[in-house]
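Chemist: Structure below; questions to follow.
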Amino acid sequence: MTKPSTTTPPVVAPKPGRRRAWTVGVLLALAALVAILAAVWDWNWLRGPIAAIASARMHRQVIITGNLRVHPWSWQPSATVEGVRVADPAWAGNGALAQIDRIVVQMRLIPLFTGHLDLQLLEIDRPRTRLLRDAGGRSTWDFSDGKTPDAPLRLPPIRRFLINGGQVDYRDLQRRLSFSGSLSASEQTGAANKGFEMVGKGLLNDQPFNLQVTGGPLLNIDRNKPYPFDADIHAGQTFVTATGAVPKPFDLAQFYMDVAARGPDLSQLYGLTGIPLPNTPPYQLHGRLSRDLHLWRIDGLGGRVGSSNLSGSLSVKTGGARPYLTADLHSQNLKFPDLGALFGGARKTGAVASPQQVAVARKMQAEAKIFPDATLNFDRIRHLDADVTFKAAAITDAPINLRSGSTRVTLTAGLLKADPVTLDLPQGRIAGTIALDGRKADAITDVDLRLSNARLESLLPVRFQGAPPVVGSIVGRVKLHGVGDSVHDAMADANGEALLVAPGGEIRATLAELAGVDVIKGLGLLFAKDQTPTRLRCGVAHFSVKGGVMSADRLVVDTEPVLIDGGGVINLDTETLAFKVKGHPKKFQLLRLLVPIDLEGPILSPKLRVEKGQAIAQGGVAIALATVLSPLAALLPFVDAGLAKDANCSGIVAEGRSQGAPVASAKAATPGVKAAAARPLPSKAR
């Protein structure tokens, strides 16, 4: 039997001519199929799929109601679509974000092979756009999915850009801005060519608003050549002008412009910038504004705010949960009154000051008020994070003699902290922290400031017969906690304590003697203009603060001839004070009288009077000095633990305990002071 062969038959390769024939046949068939499809194809069949893809990308309904025409067989293929409608997001109702009669797009085919999209033509007929931002910050033009930040508009270079009969309506409930205007872009040549232009009118902060933005000629746009533009904005007394360029037309993720702005109040720029800038006096500033995707910067900032100069740089980073602002600002000469506007107080009213600013300034001046009652806008600061440093090389026109100052302010979700705050005196410093918690419905203010290494003659720059009445060192601290949406309300609700200590120095002998009213010696020294100093051994003023009322439970000044004590109140709500002090001579003299001295009235303009009817002859009953001074020992560490061991104040306490130095009987508070402290408080202070 013959075995079957296991050899595999050889594979016969097709002849080369046959392979070429099959290839040509397939290509011819495909060409014929394409030709047949091109002849019978209706591009309108793709309107639905294209609209569905656009709807998915834009997260709202897109409809194409008109014809779709495509001309693919060209080195510059083109497409035309008619009747495009882009709906608002669901939360904005059933309106339309945009309605466009016709869009024509023509591109260059060759740049596509190098990875570049180059539009030869973009023509838009009668685009009608309605933009809305609600009070919560949602915007109808945000095409993100709510999870990732919306990317800025990035268009490829457009060599011919035409907009015919465009209209835009913008309404921003959060920024109090409304705008209606026209859009146009032409391709005219010669001097008449305006290129891109957007012009319109509206309202900003309830004041007339005008906007004009113009771009360069829209012929032969080069992707490597910046596209120039100008902007002119006018809203009430606010004027903003800018000249800039887009480095890569029309990629709006990057641009730069030189900006000049002037107006009555920087806070009024919120509608344009979305950044809650502070209240300020009239300003005039300039700088270079640039954008790099989510980073906005102002470099070379300079100009004036009120009567103070300002320079530095700042940046804002967007794309996160909240914008994040950083700034490094400087002032070579800060006028202290310009700071009042930051907290809602009277602004300096320059030529561009608004009627509201003039009214506030006049009201504050007429009422002689320190703490402004203007409600601060905490809702805005809850939507911004910030880290700002500020330094003033010189400070002038302050209530006390300040030389310079600096602070670092951080803001996180409504919690604002100024830490540290530093104010330099000719000798000494005021330093500490200020916190403003606006995260809840009721804003909370905390203040903790210390006075260190200061001098009485610097803080009280008054002269008595040509010389400082008191000289010496002074330290202190104030710590307050209050609730309220304005500075006035927070102070009217304040609780805490304050302490001033003069651990040593000198006081004019004339004043010391008059405090005990030595009829012969005091007046004799006064008329003789005697400059002889006497030792100021220790002075302490301690205030307990409750419900906006500062009660002086310890008010003691110890000099060699006289011990002065008393009491009183400062009402931070009504901004009034009532004090009564009395001198207690340490030595008996026949013609010495004990005459209480009253200080009452508004804090800014109190009246001093001597209670002549209350004058009584010096008594012979004495108490120990320690009776008045001993309670102070427990208070001194509130300012500085070292004061408890101070050679003057603690020495006086020890001296009083051991020697029982005789002084006339002193009461903690006279009937007049008690009556002032017992006056009914306003409802806010209770």
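Coordinate-derived values only; no laboratory data. All values derive from a computational prediction rather than experimental measurement. FYI the Cβ positions are ideal-geometry reconstructions off the backbone, even for glycines, and counts take in every protein chain you see.
Chemist: Under a Cβ-Cβ cut-off of 12 Å, what is the net charge of the residues other than Val86 that fall near it, where Lys and Arg count +1 and Asp and Glu count -1? Working shown, then result.
Modeler: Working: positive: Arg57, Arg60, Arg85, Arg128, Arg130; negative: Asp88.
In short, +4.
Chemist: What is the fewest-to-most order of Val501, Val388 by other Cβ atoms lying within 10 Å of their Cβ?
Modeler: Sorted ascending by nearby Cβ count, the order is Val388, Val501.
Chemist: Pull up the cross-link candidates among the aspartates and glutamates for Lys580, meaning alpha carbon to alpha carbon under 19 Å and not fewer than 8 places away within one chain.
Modeler: Those aspartates and glutamates meeting the cut-off are Glu513, Asp518, Asp553, Asp558, Asp565, Asp598, Glu600, Glu611.
Chemist: Kindly flag which residue pairs out of Lys201/Lys440; Lys248/Lys317; Lys335/Lys582; Lys391/Lys607; Lys201/Lys335; Lys369/Lys582 have an alpha-carbon separation exceeding 32 Å in this structure.
Modeler: Where the Cα-Cα span goes over 32 Å, the pairs concerned are Lys201/Lys440; Lys335/Lys582; Lys391/Lys607; Lys201/Lys335.
Chemist: Here's another thing I want to ask about it. In debye, nearest 20: dipole of region 43-252 around its Cα centre with unit charges on the Cβ of K, R (+) and D, E (-)? The partial results should precede the final answer.
Modeler: Numbers: 24 positive and 19 negative charges, 68 e Å.
Approximately 320 debye in magnitude.
Chemist: Compute the signed sum of charges (Lys and Arg +1, Asp and Glu -1) over the other residues within less than 11 Å, Cβ to Cβ, of Thr407.
Modeler: Numbers: positive: Lys391, Arg408, Lys417; negative: Asp419.
Local charge sum for Thr407: +2.
Chemist: Please order Leu252, Leu449 by the number of other Cβ within 10 Å, starting at the fewest.
Modeler: Leu252, Leu449
Chemist: Test of understanding: extend the Cα→C-beta vector of Asp299 to 7 Å, then name every residue of region 216-260 with backbone N under 17 Å from that spot.
Modeler: Inside the label zone: 243-248, 254-260.
Chemist: Sum up the charges of everything whose Cβ sits under 10 Å from the Cβ of Phe255, counting Lys and Arg as +1 and Asp and Glu as -1, but leave Phe255 out. Provide the component values of the computation, followed by the final result.
Modeler: Numbers: positive: Lys248, Arg291; negative: Asp251, Asp292.
Cβ neighbours under 10 Å give a net charge of 0.
Chemist: Given 0.36 nm per residue, what is the gain on full extension from Ala56 to Arg138 after removing their alpha carbon distance, in nm?
Modeler: 27.6 nm
Chemist: Continuing with the same structure: At a Förster distance of 60 Å, what's the computed FRET efficiency of Thr65 paired with Asn453, Cβ-Cβ distance as r, to 0.05?
Modeler: Using R0 = 60 Å, I get an efficiency of 0.15.
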